[in-house]
1. Tally up the carbon and sulfur contribution to the accessible surface of segment 9-61 as a whole percent, 1.4 Å probe, everything protein left in place.
2. Can you give me the % of accessible surface on segment 67-130 that is carbon or sulfur? Probe 1.4 Å, all protein chains present, nothing else counted.
3. What number, rounded to the nearest 500 deg cm²/dmol, is the helix-based mean residue ellipticity at 222 nm of the chain, given -39500 (n - 2.57) per DSSP H run of at least four residues and division by all its residues?
4. Of the labelled options [x] -0.26; [y] -0.40; [z] -0.32, which one gives log10 I(q)/I(0) by the Debye sum over Cα atoms at q = 0.08 Å⁻¹ as computed for this structure?
5. Where does each of 182-192, 158-168 land if you order them by average Cβ count within 10 Å, highest first?
6. By the scheme Lys and Arg +1, Asp and Glu -1, what is the net charge of all other residues having a beta-carbon under 12 Å from that of ALA122?
7. How much length would be gained if the chain were fully extended between ILE199 and LEU181, taking 0.36 nm per residue of separation minus their Cα-Cα distance, in nm to one decimal?
8. Quick check: convex hull over the Cα atoms of segment 72-147, volume per residue in Å³, rounded to an integer?
Amino acid sequence: MIIALLTLVIAGIIKGAIGSGVPVVVVPVLTMLYDVKLAIAVMVAPNLFSNALQVWQYRHSLLPWRFLLTFAIAGGVGIVLGTWGLVVISPDYLSLGVAGAIAMYLAIKLSKRSATLPLSVAERIALPVGLLAGVLQGAAGMSAPASVTFLNAMRLERRVFIGSISVFFVAITLVQIPALLSAGILTAERTLYSLGALIVILTGMPLGARLGKRLPHHWFDNLIMCLLASIALKIIIDTYWA
C-alpha cells in the first residue's frame, strides 16, 4: 500500500511537470503489485479528472480541433478493441503486454530522433496512431508508446502539448468507462480506489507544475525511464518464474 501511495504522489508530480506520465508510472507498478485489470480500473478517475483540469488550463493552447477529433475518435475505437482483449486474454499475457508496452516506450525515447513531424504529416497518420494508442490503453492501460511519442515528435510548445494530449486522454477515458463497466472490470470497490488515487495525484500536481517551469524536462524523462526499466524486468521475472 505504501509503495502504491508513493507511486501516485510521484505520478502526480510528473503529471504536473510534463503533462503526462500518470498511467506510464502507475499502471506498471499496480500491475506488479496486483494485476492489470485493477491497475486500469484505478486509473479511470485520475485519467478523466486530472486531464480535464489540464484541458481547461490550456484551452487556449491546443492543436486544431479537426486533428484532435480524428485522433480522439480513433483512440475511442481502439479502447473498445483493447478492452475486449482485456477480458479474453490471460492475466499473464496481459502483464507481459504491459512489459511490452514499456519496452516500446523506452525504445522510442532512447532513439532520440531529432526530426520534427510536421502537422500536415501528423494529420494524415493521426487515425492509425490514435487507433493503436487506444488499443494499448484498453489492453495494457498505457497509450504513451503511441500517443505521447506521436505528439512529442511534433516538437510542440509545452502548453500546446499538455493541452492537446489531455484532450486525447479525456476522450478515450470517456469511452473506456462504459467499456470497463460492461466488462465487469470497473466495480464499485475499484471506483472508490480510483477516486482515492485521484485525490493523491491532484496533491502532487501543483508541485510538479512549479518544478516543470524550473527543471529540464529530461530530468523527469530519465526518472521515468529508470523506473519503467526496473518494473518491466520485475514483471517479466514474476510472470515466468512465479
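The values are calculated or read from the model by the stated rules, or taken from the named source; none is laboratory data. No experiment lies behind these values; they were computed from the predicted model shown. Ideal geometry is used to build each Cβ from the backbone, glycine not excepted, and the neighbour counts take in all protein chains shown. Note: accessible area is taken over every heavy atom of the protein model, side chains too, but ligands, DNA and RNA are not part of it. Shrake-Rupley method; radii C 1.70, N 1.55, O 1.52, S 1.80 Å.
1. On the way: 1070 of 1580 Å².
Within segment 9-61, the accessible surface is 68 percent carbon and sulfur.
2. Values: 2420 of 3430 Å².
Carbon plus sulfur share of accessible area: 71 percent.
3. Using -39500 (n - 2.57) per qualifying helix, the result is -27000 deg cm²/dmol.
4. The calculated read-out lines up with [x].
5. Working: 182-192: 14.0, 158-168: 22.5.
Top to bottom by mean Cβ count within 10 Å: 158-168, 182-192.
6. Working: positive: ARG66, ARG124, ARG155; negative: GLU123.
Computed value for this residue: +2.
7. Values: separation 18, 0.36 × 18 = 6.48 nm, distance 2.17 nm.
Between ILE199 and LEU181, full extension yields an extra 4.3 nm.
8. On the way: hull volume 5.1 nm³, N = 76.
Measuring per residue, one finds 68 Å³ for the Cα hull of segment 72-147.
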